[in-house]
Each structure stands twice: as C-alpha cells, then as structure tokens.
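Working notes, structure below.
No value in this document is a laboratory result; all are computed from the given coordinates. As the structure is a computational prediction, the values presented were derived from the model and not from experiment. Positions of Cβ are generated from backbone atoms using ideal geometry, with glycine treated the same way; all protein chains shown enter the neighbour counts.
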Amino acid sequence: MTETSTIQPDTEQSVIGPHGEPIAYNTLAKWEPERGHYIEETVQVYLRLSADGTRWVVDGASIDGYSLDSVLDHPRNSECPCDQRQDCATARHRAESVDLPDGEGLMRMLAEALGYEVAKKETH
Ligand SMILES: [Zn+2]
C-alpha cells in the first residue's frame, strides 16, 4: 500500500538554516495576524541513542499511534499580539479540544511545512 500526501503550498518562503543554506517552507508554517490568534503547543518526540552509540533514533514510544505528549500543560496564547483578550482566551480554550498529532501525524505536518511529499514503503 502506498500513501501519498500532496502538498499545496500557498507561496514558499525560506529561512537561512544553521549551515547558511536556505530552507524553503510552506507559508502554513508562518503565522500571520490575519490567520487568527497565535495559539501554540509543543510536543515531545522521544529519541534514544542507537545501539552503536553513533546517532539518535526515534523511540517506539513516539510512533505507537497515540498522540505525542505535550510539553506544556495546555495550549498557550501568551505570544499572541492581539488586544481581544476574551476572544483570544476562547480560541485558546477551544484549542484544548484539538488532538495533538501522533508520530506519523507530526511527520506529515513537518513534510507539509517543508514542502515534501510523503510516500509509505510497501511492507509484506
Ligand atoms: Zn489573540
């Protein structure tokens, strides 16, 4: 079975990466005031050292199909520059009911933001 996620970026923008290379990303990853309040969350991705001790690998706990754990106690709106406090608090509260992604969902979100297409290898 092959799954493909097609990316429909708005317009691409780029940032300069840690090694001086431009990194293009979908503007969905860039917040703009007209898109509403700035409500943020942060999830944990569990990694462990590889058996040979030379690199980090994704631990099974991050790809077990359950939502990734939040680093925060709840979504935050502390960085939202709006002056509509009640509306902003309502948006933040509403975000609490939005499930956090599981590992695969996060992988798709990263792929979409970076402009990749994702295809799953066939397994037998
Ligand atoms: Zn706001």
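Has segment 54-75 got any residue that is within 24 Å of P33 (Cα to Cα), within 16 Å of the ligand (Cβ to nearest atom) and either in contact (Cβ under 8 Å) with a residue 12 or more places away in the chain or not hydrophobic (A, V, I, L, M, F, W, C) (or both)?
yes
If you take just the strands (runs of 3 or more DSSP E) that sit entirely in segment 16-124, which of them hold at least 2 residues that are under 16 Å from the mean Cα position of the chain (by Cα)?
22-26
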